[in-house]
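Please read the structure below before turning to the comments.
The values are calculated or read from the model by the stated rules, or taken from the named source; none is laboratory data. All figures in this text were calculated on a predicted structure; none of them were measured in a lab. For neighbour counting, all protein chains shown are included, and Cβ atoms are generated from backbone atoms with ideal geometry for every residue, glycine included. Surface areas here come from the heavy atoms of the whole protein model, side chains and all, with no ligands, DNA or RNA. Shrake-Rupley method; radii C 1.70, N 1.55, O 1.52, S 1.80 Å.
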Amino acid sequence: QVQLVESGGGLVQAGRSLGLSCAASGSVLRLGAMGWYRQIPRKQRELVAHITSSGLSNYGDSVKGRFTISVDKVQKIAYLEMNELKPEDTGVYYCHAVLTPLDSEIPKDYWGQGTQVTVSS
C-alpha cells in the first residue's frame with residue numbers, strides 16, 4: 001500500500017530551525033510533484049512549499065526566504081527545512097505527493113498524516 005510517512009516537527013523557539021521529512025513508502029512506480037501544506041487554527045489549509053518532478057519549486061509568501069523544499073528522488077523523500085521560525089508558523093504540516101502506484105500506473109494524490117509544529121515566542 002502506497003502511503004506518505006512524515007517525521008520531524010515538534011516544539012521550537014522562535015528564530016530557530018526545524019526540519020520535516022516525508023517518505024513515500026510502498027510500491028511506487030513514479031514520483032511526481034511533492035509539497036508541504038499547513039493547517040493553522042481558524043484558517044484554511046495553505047501551501048507552504050511545492051516542488052515539481054523536474055525540480056521547480058515555489059513557496060507561500062509567508063515562508064519565502066526562510067523555508068526550503070528538496071526531494072531525494074532515489075529514496076523518495078521530501079524534506080522541508082524551516083529557518084527563522086515564527087510563532088505564526090505554528091500549525092499542522094501535511095505532506096502531499098502525486099505518486100503512481102506500481103499496480104495501477106495512474107497518478108494519484110496522497111497525503112501524509114500531518115505533524116505538529118509549534119513555535120514558541
In the stretch 27-50, what count of residues is obtained for those that are surrounded by fewer than 19 Cβ atoms within 10 Å (Cβ to Cβ) and farther than 13 Å from Lys76 by Cα? 10
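Considering each residue of the stretch 110-119, count those that are of a type outside the set (Val, Ile, Thr) and either open to solvent by less than 40 Å² (accessible area, probe 1.4 Å) or over 24 Å from Pro41 (Cβ atoms) (or both), and give that number.
Within the stretch 110-119, residues that are of a type outside the set (Val, Ile, Thr) and either open to solvent by less than 40 Å² (accessible area, probe 1.4 Å) or over 24 Å from Pro41 (Cβ atoms) (or both) number 3.
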Result of the Cβ filter at 8 Å on the stretch 1-13, keeping first residues that are closer than 18 Å to Tyr110 by Cβ and partners that are of a type in the set (A, V, I, L, M, F, W, C) and open to solvent by 90 Å² or more (accessible area, probe 1.4 Å), at least 6 apart or interchain, is Leu4/Trp111
Give all pairs with beta carbons closer than 6 Å in which a residue from the stretch 45-67 that is more than 12 Å from Gly35 (Cα to Cα) meets a residue that is of a type in the set (Asp, Glu) and at pLDDT 95 or above; count only pairs at least 6 apart in sequence or on separate chains. Arg66/Glu84
Within the stretch 75-93, count every residue that is without any contact (Cβ under 8 Å) to a residue 60 or more places away in the chain and under 22 Å from Asp109 (Cβ atoms). 6
